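The values are calculated or read from the model by the stated rules, or taken from the named source; none is laboratory data. Please read these numbers as outputs of a predicted model, since none were measured by experiment. Neighbour counts are summed over all protein chains in view; Cβ atoms, including those assigned to glycine, are modelled from backbone coordinates with ideal geometry.
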Amino acid sequence: MRKITQNTINAFLNDDPIKQTNTQVIVNANFGDPRTELYLFDNLIAQKRIGSKTIQITNAGWKSRTTKERLNALPNVRIQQKQKEWYLNGIKWDGEFITIQN
């Protein structure tokens, strides 16, 4: 795992804002629904409510190696690619938002 992935995922899981090159964690505590969001190239790829045990992920329409690497670094997420199709934890996944238990 690349250092940028490790740093940004740790920040995401600990609700700490960070920006490193193409990846950013934003902690949005406004409007009574505090969330931590993970962006790759300005595309939201993961979010969680602060204090929640669940994470929502998406590939934001990008089946790139970098998107897969960032998402695979999250707990209980295992994305594999077979014949251009993505599989999340062994089940074919269309990349749309899905909730993962942390």
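Odds and ends about this structure:
- Taking the stretch 1-41 as the range and being touching a Pro at 6+ places or on another chain (Cβ under 9 Å) and assigned to a strand (DSSP E or B) as the test, the residues that pass are Q24, V25, I26, V27, N28, T36.
- Residue in the stretch 74-91 that is among the basic types (K, R), surrounded by fewer than 17 Cβ atoms within 10 Å (Cβ to Cβ) and at positive phi present: yes
- Residues of the stretch 64-86 that are assigned to a loop (DSSP other than H, G, I, E, B) and modelled with pLDDT of 95 or more: S64, A73, L74, P75, N76, V77, R78.
- Options I18, I55, I9; residue that is touching a residue at least 40 places away in the same chain (Cβ under 8 Å), surrounded by 15 or more Cβ atoms within 10 Å (Cβ to Cβ) and farther than 17 Å from T66 by Cα: I55
- Any chance K48 is among the charged types (D, E, K, R), in contact with a strand residue (DSSP E or B) (Cβ under 6 Å, 6 or more places away or on another chain) and either in a strand (DSSP E or B) or at positive phi (or both): yes
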